[in-house]
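Working notes, beginning with the structure itself.
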Amino acid sequence: RAQIQSSPLGGGKAKLRLSTAMQLLAATKWMSAHLSEVTTPFIVLHAKHDVVTESESSVKLYNEAASTDKELKLYDDCMHGELLHGGAPKLALVEKVFADSAGWLAGRSTRSV
């Protein structure tokens, strides 16, 4: 927790303006009401023990989206943000997340010769 609070990306140092918070809330409500309209391919990567954004929201997106090409990856033993920048203690996790992402993209990419 100390590492997260000392990070320039976390720790509650940034001040969120009320109007920005209200727009984020409105956008979240709109998206939640329209999940069934999502038809594009997507992958969701989420830390199971995330205390900032509950993983249940990603499960809801996965379950309710109309897309037939979708994947949900829930990672154990990590918190918000550690999936991409967990530092040395989470290097294996970060490498797995990048490999999962690259594999998903490669499986949907076409290569013209």
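The values are calculated or read from the model by the stated rules, or taken from the named source; none is laboratory data. The model shown is predicted, which means the values in this text are computed figures rather than measured ones. Cβ atoms come from the backbone with ideal geometry, glycine included; neighbour counts cover every protein chain shown. Areas reflect the complete protein model, heavy atoms only, side chains present, ligands, DNA and RNA absent. Shrake-Rupley method; radii C 1.70, N 1.55, O 1.52, S 1.80 Å.
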* A88 to S57: FRET efficiency via 1/(1 + (r/R0)^6), r the Cβ-Cβ distance, R0 30 Å, to the nearest 0.05? -> 0.55
* Normalised by the residues of the stretch 11-96, what does the relative contact order come to in percent, with Cα pairs under 8 Å and at least six apart? -> 28
* Which entries in K48/K90; K70/K96; K29/K96; K60/K90 show an alpha-carbon gap greater than 22 Å? -> K29/K96; K60/K90
* Asked: So how exposed is T28, as accessible area in Å² (1.4 Å probe, rounded to 10)?
  -> 80
* Asked: Can you work out ³J(HN,Hα) from phi for every residue in the stretch 59-76, in order, using Karplus 6.51 cos²θ - 1.76 cosθ + 1.60 and θ = phi - 60°, giving whole Hz and x for Gly and Pro?
  -> 5, 4, 4, 4, 5, 9, 5, 6, 4, 9, 10, 8, 9, 10, 10, 10, 10, 7
* Mind listing which GluC sites (Glu not before Pro) in the stretch 47-112 are in a DSSP loop and have 15 or fewer other Cβ atoms within 10 Å? -> E54
* Quote the FRET efficiency, to the nearest 0.05, computed for E64 versus A27 with a Förster distance R0 of 25 Å and r equal to the Cβ-Cβ distance. => 0.90
* If you stretched the chain out fully between S36 and T110, how much longer would it get, using 0.36 nm times the residue separation minus the C-alpha to C-alpha distance? -> 23.9 nm
* For the stretch 41-54, take each phi angle, set θ = phi - 60°, evaluate the Karplus expression 6.51 cos²θ - 1.76 cosθ + 1.60, and give the result in whole Hz per residue in order, putting x for glycine and proline. => x, 7, 10, 10, 10, 8, 6, 4, 9, 5, 9, 8, 10, 5
